[in-house]
Every structure is written in structure tokens, then in C-alpha cells.
Amino acid sequence: MRVALARTIFVLYGTKLGVSRKMATIAQAAAHICCSRSQFDSYLAEGVITRQPSGKYDLDQVRREVLAHLRSVAAGRGGAAGSRLTEERTRLVAAKRRREERQDAFEAGQLVQLESVCRCLEQSLVGMRNRLLNLPGETAYLLAMRRQEECFKVVDDAVRAALEEIADPAWTAARMTAAGLVSQIDETHKGDHDDKEDPDVA
């Protein structure tokens, strides 16, 4: 009789103190749900696991809270991982949209490839340099035994003629062709011309 009464008192007292429940430390709780201490701390910081005094973590409650969190993350509804996944998907969709917009603008002739533009400028500058360097040879024989005023007139006319030649659209077009820019533009708009030039049906 005394033994049974002692057992009853022990059970009631133990229940009141939480002894009969599966209470554990943070390290034990982390091992129980198969995660590291740092991950467990992250769960605590995010509010996934309810913070308890040291050694007072209910393993059943910890397990339920973590499983609920993992189900929520798997469904893409919550947690830092779920938020990061949503952000990554949003950035991916935005990147695809920007790429398609750039491609549409390129095909419409609103954009050109930077490499082609650089080649065109390089060809133009080299052509200008070569054309201007040819002026001394072109005018040297004309300046022999002439007065200063006549020399100025000859050189001035030669420089102006060279600048007019450089400013000619045909000259620029030749540089663009040499750089391969014209062929790319024509190829881009080829489909547009084909659509507009439908043969008449008799």
C-alpha cells in the first residue's frame, strides 16, 4: 500500500515538474531532429521552434514544429528557404523577360551589337587616318616654287576635299561594310522584307 502510494506521488510530482515528458537540452533536441547546432539556432531565430529555458525542450513539440516548417517550405509558403526560392524564381523570370525584350529590340533595329559598332568605329578611324596622311604626298608637288598664299590655298583645298570625302555617307557605308555591320543589319531585317513582299495571287 505504501509502495503504491509512493509511486502515485512520484508520478504526480514528476508530471508537475515535467520529468515524465521528454525534455532535452538544445544539443539533444538538435540531435533528435538530425540537424546541427547552428541550424537549430537558425530555427530558434526564425521562430520555427519555440524558445525554451535550457534543458526544457520538449522533443515531441520540437519535432512537430520542425516538420510543420519543412512542410511549409516544401509547399513554397514559408521560411527563409521558401522566400529565397521565390526570389530566385522571380529574378529568373525577370531575366528571361529582359533577354526577350533585348532580342526584340535587336531584331527591330533599335539595338546593335557592341562588337560590330566598335569594329565600324575602328574602320572609320583607320580610314580617316590613312586619308589624312595621304595629303602631304598629294599636295607636295603642287607646292613647289609657290608663294605662301598659294601654298595655303592648295593645302586648304586638299584638306577640305578630304573632309568632304570622309563626311560622305558612301564613305561611312564602305567602312560599315568592311566591319560587317551592314550584313548583320540586312540579315536581321530580311524576315521583315520577306513578309512585306508577298506575291500577288492571280
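Answer yes or no as to whether residue 132 is in the same structural domain as residue 174 (by TED's automatic domain parsing) and part of a loop (DSSP other than H, G, I, E, B).
Working: in the same structural domain as residue 174 (by TED's automatic domain parsing): yes; part of a loop (DSSP other than H, G, I, E, B): no.
Here the answer is no, as residue 132 does not meet what is asked.
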Restricting attention to region 101-154, the residues that are under 50 Å from the mean Cα position of the chain (by Cα) and of a type in the set (A, V, I, L, M, F, W, C) number exactly 16
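The values are calculated or read from the model by the stated rules, or taken from the named source; none is laboratory data. The structure displayed is predicted, hence computed values, not measured ones.
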